[in-house]
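Everything below concerns the one structure shown next.
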Amino acid sequence: MWQANCRRMLNLTNWISETVMGGCVGRDRLDGPARNSTWGKKRGGRNEPLKKECTKWKSEYPMTEGQLRSKRDEFWDTAPAFDGRKEIWDALRAAAVAAEVNDLELAQAIVDGACITLPHGTLTESYDELGNRYQLPAYTLAPPANLITECTNESQAPDQKEQKKPPPPPKEEFQLRVRLSCGKDLRISASMSDSISQLKRALEGQEDIEAAHQRWFFAGKLLTDKTRLQDTKIQKDFVVQVIVNNYSPVTKLIPN
């Protein structure tokens, strides 16, 4: 992804070649080495060809690709305001991008076309034909060793789809003590998440008492069908009163 982002910036070279440098980049691909030595002699300095080496550095803190781009943009936007010529800064920026994606031929052509001298064969220090000095920090030439790769939303989507919701925790059942209005005490299996409606059906299945004839009370209060045990102050050892109206066991029909 990082190299793809760098390649998108190579269109800067076309702008430099056609607008700033008058198309001299293309010509210098043919006669670059000869002109290099001439420019070096005119300025009385050594001019080395651009070396194929990767600047290695580590940021003080882990840096994302977006943070690196912002840091670079800030440098390139402010550097021409302090010293040097803007067209040289633009050429150095394009050469740095080309060198980062290992297109040294293009980077060398940009440097030659802008009449830039490299005393050490790197873009960290260079001079223009007027003798102005240009220095590039390491973060403009290569990403740090502790760069954090950013994930796009598209790449995250499959992972999110694969993530399944954790299964609900198993119900913790206990034996709820129930006392019928006829004086009978019994226990039914229940959990704190059960509603009174569910417990009525459980009692119907256990004692053949229709749910419609049951009224559940606790601490003198009527418990509605939608009320859950966890919404009340009922604990495992407490007794729930069940008033049965018109009590008559459900008659089960036995086929002949």
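The values are calculated or read from the model by the stated rules, or taken from the named source; none is laboratory data. What you see is a predicted model, and the numbers here were worked out from it, not measured in a lab. Cβ coordinates were reconstructed from backbone atoms using ideal geometry, including for glycine residues, and neighbour counts include every protein chain displayed.
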Being surrounded by fewer than 21 Cβ atoms within 10 Å (Cβ to Cβ) and more than 17 Å from ARG72 (Cα to Cα) is the filter here; which residues of the stretch 88-107 pass it?
ASN102, ASP103, LEU104, GLU105, LEU106
All conditions in (1) of a type in the set (S, T, N, Q); (2) part of a helix (DSSP H, G or I); (3) modelled with pLDDT under 90 are true of SER193 except (2)
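Select from the stretch 108-123 the residues that are touching a residue at least 60 places away in the same chain (Cβ under 8 Å) and crowded, with 17+ Cβ neighbours inside 10 Å and list them in ascending order.
Correct list: GLN108, ALA109, ILE110, VAL111, ASP112, GLY113, ALA114, CYS115, THR117, LEU118, LEU123.
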Take the residues in the stretch 44-65 that are surrounded by 15 or more Cβ atoms within 10 Å (Cβ to Cβ) and closer than 19 Å to ASP128 by Cα, then tell me which one is modelled with the highest pLDDT.
LEU50
Where a residue in the stretch 227-243 is touching a residue at least 12 places away in the same chain (Cβ under 8 Å) and its partner, wherever it lies, is assigned to a loop (DSSP other than H, G, I, E, B) and among the acidic types (Asp, Glu), with Cβ under 6 Å and at least six apart:
LEU229/ASP194
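Regarding TRP76, is this residue in a helix (DSSP H, G or I) and of a type in the set (Phe, Trp, Tyr)?
yes
Among LEU104, LEU92, LEU68, which is the only one that is out of contact with any Pro (no Cβ under 8 Å at 6 or more places or on another chain), more than 21 Å from GLY131 (Cα to Cα) and in contact (Cβ under 8 Å) with a residue 12 or more places away in the chain? Let's see the steps before the verdict.
On the way: LEU92 fails: more than 21 Å from GLY131 (Cα to Cα); LEU68 fails: out of contact with any Pro (no Cβ under 8 Å at 6 or more places or on another chain).
None of the others qualify; the one that does is LEU104.
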Going by what's in this entry, would ARG215 be described as basic (Lys, Arg) and surrounded by fewer than 13 Cβ atoms within 10 Å (Cβ to Cβ)?
no
Taking ARG177 and the conditions (1) in a strand (DSSP E or B); (2) within 13 Å of ILE243 (Cβ to Cβ), which numbered condition does it fall short on, given that it satisfies the others?
(2)
Across the stretch 81-128, which residue is farthest from CYS54 (Cα to Cα) among those that are of a type in the set (A, V, I, L, M, F, W, C), in a loop (DSSP other than H, G, I, E, B) and at pLDDT below 90?
PHE82
